[in-house]
Amino acid sequence: MPKAKRDRLFKKSKPFIRRLEIMDGEQYSKDIAILWAAYKAGSFALPPELTQGEFIEQVEKNIEQYVNTWIVDDDSNVFAAKRGPVAMVSTVSADLIVEPRFLFFKWAKPKNILRAMVSFLNMIRHSKKTGIILLRVGKENMLLPNHMKSYDLLHYIGRSSDNEYLYSVRGRGSDGNS
């Protein structure tokens, strides 16, 4: 049933997940331009009056905290090509425990958010470098992780503090045959 549900979600197309590129040779990449547009649209929790240089410094500083950062491209009428970046996902890891942090851009529609999350979680779940995917959310953000259970991608574990709820799923690396 979960596989059939994923197949229906990706019937026409599937999001493309790629590594975030800061530099393209000697110049900043097109990803930086997308992140700047997302910042100007209010997608980042940063002060609104940053210059482009200050913004790039903040992005580089924030990205250093993560093991990997990806961009998720999906179908979207916002782009002339009808496809473009809708989310950024960064991960922290402790051995085989992988914690994704999703940042959905303001122009991402609910379907983009669902497709990006299902696609990303499914991708890292099948990596031998992932033993457990752990997601921490506040009470106000529990709806989407709860919905991931129907895709067999996240399961509620319990509360770890007043406003922190944990979800997880086993990855391919948890079988000990990595």
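The table below lists the values:
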| item | result |
| --- | --- |
| Condition check for ALA38: at pLDDT below 95, under 25 Å from SER119 (Cα atoms) and not polar (S, T, N, Q) | no |
| Considering residues of segment 80-117 that are among the aromatic types (Phe, Trp, Tyr) and open to solvent by 30 Å² or more (accessible area, probe 1.4 Å) only, the residue nearest to PRO2 (Cα to Cα) | PHE102 |
| Residues of segment 116-134 that turn out to be farther than 17 Å from LYS14 by Cβ, touching a residue at least 40 places away in the same chain (Cβ under 8 Å) and not hydroxyl-bearing (Ser, Thr, Tyr), as a count | 4 |
| Residue check, ILE157 β-branched (Val, Ile, Thr), open to solvent by 70 Å² or more (accessible area, probe 1.4 Å) and under 26 Å from ASP95 (Cα atoms) | yes |
| So LEU114, is it over 13 Å from VAL72 (Cα atoms), at pLDDT 95 or above and among the hydrophobic types (A, V, I, L, M, F, W, C) | no |
| Filtered residue count, segment 14-40, keeping only those that are within 19 Å of LYS109 (Cα to Cα), more than 18 Å from the chain's Cα centre (by Cα) and open to solvent by less than 60 Å² (accessible area, probe 1.4 Å) | 0 |
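Results for (1) open to solvent by 30 Å² or more (accessible area, probe 1.4 Å); (2) among the charged types (D, E, K, R); (3) in a helix (DSSP H, G or I); (4) at pLDDT below 95, shown as yes or no for each residue.
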| position | (1), (2), (3), (4) |
| --- | --- |
| SER119 | no, no, yes, no |
| ILE124 | no, no, yes, no |
| HIS147 | yes, no, yes, no |
| SER178 | yes, no, no, yes |
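The values are calculated or read from the model by the stated rules, or taken from the named source; none is laboratory data. Computed from a prediction, not measured in an experiment: that's the story for all the values here. Neighbour counts are summed over all protein chains in view; Cβ atoms, including those assigned to glycine, are modelled from backbone coordinates with ideal geometry. These accessible areas exclude ligands, DNA and RNA; they are computed on the full protein's heavy atoms, side chains included. Shrake-Rupley method; radii C 1.70, N 1.55, O 1.52, S 1.80 Å.
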